[in-house]
Structures are given as structure tokens and as C-alpha cells.
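The values are calculated or read from the model by the stated rules, or taken from the named source; none is laboratory data. The structure presented is a predicted model; accordingly, all values stated were derived computationally and were not measured. Cβ sites come from the backbone with ideal geometry, for glycine too, and all protein chains shown count toward neighbours.
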């Protein structure tokens, strides 16, 4: 089984989250959260911080990540660990892997024509907003 992470990063006021436009498959051309593969033997939280830094330039000093949920796809043989956090201060995000942008929270993230993950982004955002006080403190 291959393990991946997905990281929901919120700006300091927690009214926008960081999205990327995928440049490769799966979901090429669709918007998604940042993330990537967890290396064999790597601590999953360390992997989330590593991927976040590699893809955006955001470091551990900029954000505290919380483990939100896991999605396991037994038939496909992979799982996704989902983390979230709010930036402690403004950060100029930069990335070469995908184009990055800040998106408002009032869009239809269940729209499969615009967003990756077969509706998972909508599901993830709803759970984050349910537990906003705990997760984005």
C-alpha cells in the first residue's frame, strides 16, 4: 500500500485555503490541496511538513499541522493522510511543482469538473469547518 498526504493550509485569518492546479495526472488541470508521497519508514507528520515545504516554501515555524483524517482505498492500494493548519503569519508561497493560489471557502468543492478527488475536497472542508475552533486555533 502506498501512503500519501494532503495538506489543507489556511491563511492567517482562516477565510481562504491554499490550492494548487495539478500539472500532471491524476487530475491534471484540476485544483487540489498540496501534498505528496510518504516515503517508506518516514514519520507521517514529518512527511507532511516536508511535502508542504517542498511544494510551497511553508515551514514548521509558519504553521502547526493537525492530523484531521485518513482515507484508505483498499481496492486501489493507497491511503491519504489529511492534515490541516492555519498560518501564523502571512507567507509568500512559491512552488515549481504546481501553480498555487488562495481560494475562498464558499465555492462548490464537490464539483468534479474543477476540483480533484471525486468530492473529497468538499468533504474535507466541511469537517474542518465543523471543528474550526479546535483545528484552526
Item to check | The one condition in (1) loosely packed, with under 14 Cβ neighbours inside 10 Å; (2) in a loop (DSSP other than H, G, I, E, B); (3) touching a strand residue (DSSP E or B) at 6+ places or on another chain (Cβ under 7 Å) that residue 58 fails to fulfil | outcome: (1)
Next on the checklist: If the requirement is being modelled with pLDDT of 95 or more and touching a strand residue (DSSP E or B) at 6+ places or on another chain (Cβ under 8 Å), which of these qualifies: 10, 27?
Outcome noted: 10
Next on the checklist: Being more than 19 Å from residue 3 (Cβ to Cβ) and at pLDDT below 95: is that true of residue 136 here?
Outcome noted: yes
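Residue-wise test of (1) within 13 Å of the chain's Cα centre (by Cα); (2) surrounded by 14 or more Cβ atoms within 10 Å (Cβ to Cβ); (3) part of a strand (DSSP E or B).
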position: 94; (1), (2), (3): no, no, no
position: 107; (1), (2), (3): no, yes, no
position: 111; (1), (2), (3): no, no, no
position: 117; (1), (2), (3): yes, yes, no
position: 122; (1), (2), (3): yes, yes, no
position: 125; (1), (2), (3): yes, yes, no
position: 129; (1), (2), (3): no, no, no
position: 134; (1), (2), (3): no, no, no
position: 137; (1), (2), (3): no, no, no
Next on the checklist: When you check residue 84 against the structure, is it touching a helix residue (DSSP H, G or I) at 6+ places or on another chain (Cβ under 8 Å) and more than 17 Å from residue 129 (Cβ to Cβ), yes or no?
Outcome noted: no
Checklist entry - (1) touching a residue at least 24 places away in the same chain (Cβ under 8 Å); (2) surrounded by fewer than 18 Cβ atoms within 10 Å (Cβ to Cβ); (3) touching a helix residue (DSSP H, G or I) at 6+ places or on another chain (Cβ under 8 Å): which one isn't true of residue 20, the others all being true? => result (2)
